[in-house]
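The values are calculated or read from the model by the stated rules, or taken from the named source; none is laboratory data. What you are looking at is a predicted structure, and each value in this text was computed from that prediction instead of being measured. Side chains included, ligands, DNA and RNA excluded: accessible areas come from the protein's heavy atoms. Shrake-Rupley method; radii C 1.70, N 1.55, O 1.52, S 1.80 Å.
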Amino acid sequence: MNSNIVKISLSFLLGVLLTLLIVLGSISLQKKVFTQEVESLMNLDLDLFSNNFSDYTITFDTTSIKLNLSLTENFLNLTVGKQFIAFSHFYNWLRFNLVTKYEYISRSLLSKNIQFEGTMNEHIFLYEEHQFDNNFFSANNGVLKINDKSYTYKSIKNLESNIEIFQAPNQHNRTSNGYLETDILEFMNNFFKLITKNSKDIQSNDFNLAREAAATKFDMTKEEIDIIFLRWFFFLKEVNL
């Protein structure tokens, strides 16, 4: 056999092997990061999660992630709107943590098909998040499927008005340097629309860019911006980062 052919074949095989090792290492790191952030949310002292989700398992491959959540009796007794909020807030807070903490890996993680699933008393719950619309701060574009019926944010009666009630106590909040929190959120939303061409070209780092721009404009730290965001969109009275 021609020695050049042997060399080329060995080089090709070594290249394939190296690529495979890199892919497997990347998947392993992604799974570690994803699991770590799920675990941190499960351990939060937050009734919305602790009263409704008792445990979890994760199925992870190159194209999809399935988070199977163990549901509680309390979850089954909630209205569909509150069940939707529990799933969507868990997803969005998980996404928030991945984007703000792991810029280098969040893009590949969030490009996967991510599903949340829970089964109890013959009821099957499946939650999937779809792309954001032009309002960066809309609650979400998720779909909750319960057995054979699907619910979206807009299809659940009074859900939007209920969320506004949660947010109402924050309407007049000001930062330590005197800015209205609503002005900061409006700036971030407009900045997000600008850099994403009205949400037609969204990249994984766009939230961080909006966050950094707001921190600069309003002379605040990114951590202070995060606290405002979490308080408004996860209905928290106190935020500890």
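Listed values, structure above:
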quantity: Over 22 Å (Cα to Cα) - which of K66/K197; K31/K154; K82/K222; K31/K149; K31/K101; K193/K217 fall in this group; calculated: K66/K197; K31/K154; K82/K222; K31/K149
quantity: Paired Rg and Dmax values of the range 180-220, which use every Cα atom, in angstrom; calculated: 10.0, 29
quantity: R174 accessible area, assembled protein chains, probe 1.4 Å, Å²; calculated: 150 Å²
